[in-house]
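Engineer: Okay, here's the structure, questions in a sec.
The values are calculated or read from the model by the stated rules, or taken from the named source; none is laboratory data. Note that this is a predicted model, so its numbers are computed, not measured. Cβ sites come from the backbone with ideal geometry, for glycine too, and all protein chains shown count toward neighbours. Heavy atoms of the whole protein, side chains included, go into the accessibility calculation; ligands, DNA and RNA do not. Shrake-Rupley method; radii C 1.70, N 1.55, O 1.52, S 1.80 Å.
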Amino acid sequence: MSEHVDVLVVGAGLSGIGAACQLREHHPGKSVAVLEARGASGGTWDLFRYPGIRSDSDMFTFGYRWRPWPGDTALADGRLILDYVRTVAAEYGVDRLIRYDHRVTRAGWDSASARWTVEIEGREPITAGLLWACSGYYDYESGHAPQFPGAERFAGEVVRPQHWPADLDHAGKRVVVIGSGATAITLVPALAETAEHVTMLQRSPTYVLSRPGRDPWAVRLGRLPQRLAYPLVRWKNILVATGFYQLARRRPAAVKRLIREQVARQLPDVDVDTHFRPSYDPWDQRLCFVPDGDLFRAMRRGSADVVTDTIETFTETGIRLTSGAELAADLVVTATGLRLLPFGGIELEVDGEPVTLADTMSYKALMLSGVPNFVYTIGYTNASWTLKADLVSDYVVRLLRHLDRRGLRRVVPRRDPNVAERPFMDFQSGYVLRALDRLPKQGDRAPWRLRQNYLTDVRTIRRDRIDDGVLDFA
């Protein structure tokens, strides 16, 4: 007979640990298990080991709402984040709920028993009353890997950031980092500390902004008790980020000028319009933030530079560009992005019928139409991931309480045929555009529309009625 748990959480990263902590806190009588495909907790922050890995969101919103981020560091490195996540897991006893090397491959819902049967690679299945996918939306096994002409001729080493060799020594080497997103912009200043020279080779620019490495408000309020200071700093960051995003969407030309002026002040001898002026508007793709302008400092020192061009071919000694210029390299890092893999690639079935994600519609960006007792956590594209993860946890806590009080066992969003379809994410990053046809849809109105607005979601997810006329209970 299969083991049964009330709630089964898939993934022991930031989202999964947060989810399990809130279940332990608010539903201590429920049985909970956390399945982790890898042999360690921490998700991204344990898996990625490339130099300089850090958050690209401030830690006062990237940390959990209910467990303050310690200190005043605004953009923390991966080691500090991993320590924080594991410390929280231990404090709530969640570390004892995690089952490592448990890769979920398939999950089937049976209406007669009101249970999921979850299949695990090489292990016995587990049944669950509620299945909660907290594995994010990236394929961490293989990222987006364009084929570069002549790469087989290159005499140096080519590495992907997601699979950084532990014994790789880049000191004294000429390094080319291909890419211009958050990973590349993190790598370049870190590598430049010991490399002979680092070039960031980008096909097109990204918006890059400098922000203080230590949060000024957190520094000023450091003498207050943490229970008072943390909410103040957190809400300051939420409101500033929300206001900046809204300004960027409503007055993109003004925000473009603001960003350009800041970069030009930091790089007076660089052609800013060529290398730091994207063709798209701010927040069509995610902005990149650098602590204390570390990327710009490396460029001013001469230990790093940026080249905007396309690759014609690799050569034995480096890369020849379409312009005819050549970049000499001993090491090439392909920071070309990740691929989306919703729900960790789990195959879903409902009463024997396969679920095609593209045929479903997302309810409040946390459940799927026609899929009972299934919740997922996916963060914001324009703010800290954890802001949304916390809201999903709040919602599940309330949903379970609603089910228990009314003696209900099943909940499923029922799609309204009058709601028009929209793409799941209104976002222009390549990793999103390449996967839109495999993602659920969103709708043109609440509760099917994904607003990407924390202030709106606080009301609609944390406070609105659970029994809203859209969810079907049994």
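Engineer: Only one of (1) in a loop (DSSP other than H, G, I, E, B); (2) among the charged types (D, E, K, R); (3) at pLDDT 95 or above; (4) open to solvent by 50 Å² or more (accessible area, probe 1.4 Å) fails for R49. Which number is that?
Structural biologist: Status for R49: all satisfied but (3).
Engineer: Just to be sure, is V332 among the aliphatic types (A, V, I, L, M) and not in a helix (DSSP H, G or I)?
Structural biologist: Yes; evaluated as a whole, the condition is true for this residue.
Engineer: Please specify each residue of segment 18-37 satisfying the condition of being in contact with a Phe, Trp or Tyr (Cβ under 8 Å, 6 or more places away or on another chain), part of a helix (DSSP H, G or I) and either among the aromatic types (F, W, Y) or crowded, with 24+ Cβ neighbours inside 10 Å (or both).
Structural biologist: G18, A19, A20 - these are the residues of segment 18-37 that are in contact with a Phe, Trp or Tyr (Cβ under 8 Å, 6 or more places away or on another chain), part of a helix (DSSP H, G or I) and either among the aromatic types (F, W, Y) or crowded, with 24+ Cβ neighbours inside 10 Å (or both).
Engineer: On to the next question. Going by what's in this entry, would D72 be described as farther than 28 Å from G122 by Cβ, in contact (Cβ under 8 Å) with a residue 24 or more places away in the chain, open to solvent by 10 Å² or more (accessible area, probe 1.4 Å) and under 16 Å from the mean Cα position of the chain (by Cα)? Step through it out loud before you land on a result.
Structural biologist: Details: farther than 28 Å from G122 by Cβ: yes; in contact (Cβ under 8 Å) with a residue 24 or more places away in the chain: yes; open to solvent by 10 Å² or more (accessible area, probe 1.4 Å): yes; under 16 Å from the mean Cα position of the chain (by Cα): no.
Spelling it out, it is not the case that D72 is farther than 28 Å from G122 by Cβ, in contact (Cβ under 8 Å) with a residue 24 or more places away in the chain, open to solvent by 10 Å² or more (accessible area, probe 1.4 Å) and under 16 Å from the mean Cα position of the chain (by Cα).
Engineer: Within segment 1-12, is there a residue that is assigned to a loop (DSSP other than H, G, I, E, B), open to solvent by 20 Å² or more (accessible area, probe 1.4 Å) and touching a residue at least 60 places away in the same chain (Cβ under 8 Å)?
Structural biologist: Within segment 1-12, the first condition is being assigned to a loop (DSSP other than H, G, I, E, B), and the residues that meet it are 1-2, 11-12.
Now drop any that are not open to solvent by 20 Å² or more (accessible area, probe 1.4 Å), which leaves 1-2.
Narrowing the set further to residues that are touching a residue at least 60 places away in the same chain (Cβ under 8 Å) leaves 2.
Checked against the condition, which is being assigned to a loop (DSSP other than H, G, I, E, B), open to solvent by 20 Å² or more (accessible area, probe 1.4 Å) and touching a residue at least 60 places away in the same chain (Cβ under 8 Å), segment 1-12 yields at least one hit.
Engineer: Among the residues of segment 152-169, count how many are of a type outside the set (V, I, T), open to solvent by less than 40 Å² (accessible area, probe 1.4 Å) and modelled with pLDDT of 90 or more.
Structural biologist: Qualifying residue count, segment 152-169: 6.
Engineer: A follow-up question, please. Can you confirm whether V233 is more than 20 Å from F62 (Cβ to Cβ) and either hydrophobic (A, V, I, L, M, F, W, C) or open to solvent by 50 Å² or more (accessible area, probe 1.4 Å) (or both)?
Structural biologist: Against the criterion (more than 20 Å from F62 (Cβ to Cβ) and either hydrophobic (A, V, I, L, M, F, W, C) or open to solvent by 50 Å² or more (accessible area, probe 1.4 Å) (or both)), V233 does not qualify.
Engineer: Any residue at all in segment 258-273 that is under 22 Å from the mean Cα position of the chain (by Cα), closer than 29 Å to M59 by Cβ and charged (D, E, K, R)?
Structural biologist: No, segment 258-273 contains no residue that is under 22 Å from the mean Cα position of the chain (by Cα), closer than 29 Å to M59 by Cβ and charged (D, E, K, R).
Engineer: Of a type outside the set (D, E, K, R) and under 21 Å from T386 (Cβ atoms): which single residue out of V240, V263 fits that description?
Structural biologist: Residue meeting the stated conditions: V240.
Engineer: While we're on this one: Output the residues belonging to segment 330-345 that are closer than 17 Å to R106 by Cα and crowded, with 20+ Cβ neighbours inside 10 Å.
Structural biologist: P342, F343, G344
Engineer: If I filter segment 346-355 down to residues being surrounded by 17 or more Cβ atoms within 10 Å (Cβ to Cβ) and in a strand (DSSP E or B), which single residue comes out as nearest to the chain's Cα centre (by Cα)?
Structural biologist: L348
Engineer: Turning to a different aspect of this structure: Within segment 170-188, work out how many residues are in contact with a helix residue (DSSP H, G or I) (Cβ under 7 Å, 6 or more places away or on another chain) and open to solvent by 20 Å² or more (accessible area, probe 1.4 Å).
Structural biologist: 2
Engineer: With the structure loaded, tell me whether A253 is at pLDDT 95 or above and open to solvent by less than 40 Å² (accessible area, probe 1.4 Å) or whether it fails that test.
Structural biologist: no
Engineer: Is it fair to say A40 is at pLDDT 95 or above, crowded, with 23+ Cβ neighbours inside 10 Å and outside any strand (DSSP E or B)?
Structural biologist: Taking the combined requirement at face value, the residue does not satisfy it.
Engineer: Which of (1) under 21 Å from A12 (Cβ atoms); (2) part of a loop (DSSP other than H, G, I, E, B) is the odd one out, the single condition T386 does not satisfy?
Structural biologist: Result: T386 passes all but (2).
Engineer: For segment 211-227, state whether one or more residues are open to solvent by less than 60 Å² (accessible area, probe 1.4 Å) and in a strand (DSSP E or B).
Structural biologist: Within segment 211-227, one or more residues are open to solvent by less than 60 Å² (accessible area, probe 1.4 Å) and in a strand (DSSP E or B).
Engineer: While we're here: If a residue has to be surrounded by 20 or more Cβ atoms within 10 Å (Cβ to Cβ), modelled with pLDDT of 95 or more and not hydroxyl-bearing (S, T, Y) to count, how many in segment 356-375 make the cut?
Structural biologist: Going through segment 356-375 one residue at a time, the tally reaches 10.
Engineer: Hand me the list of strands (runs of 3 or more DSSP E) wholly inside segment 261-318 holding 1 or more residues that are open to solvent by less than 10 Å² (accessible area, probe 1.4 Å) and within 21 Å of D330 (Cβ to Cβ).
Structural biologist: Result: 304-308, 311-314.
Engineer: Same structure again: Scanning segment 411-425 for residues that are touching a helix residue (DSSP H, G or I) at 6+ places or on another chain (Cβ under 9 Å) and crowded, with 17+ Cβ neighbours inside 10 Å, which turns out farthest from G443 (Cα to Cα)?
Structural biologist: V411
Engineer: Tally up the residues in segment 148-174 that are more than 18 Å from G337 (Cα to Cα) and assigned to a strand (DSSP E or B), please.
Structural biologist: The qualifying residues number 2.
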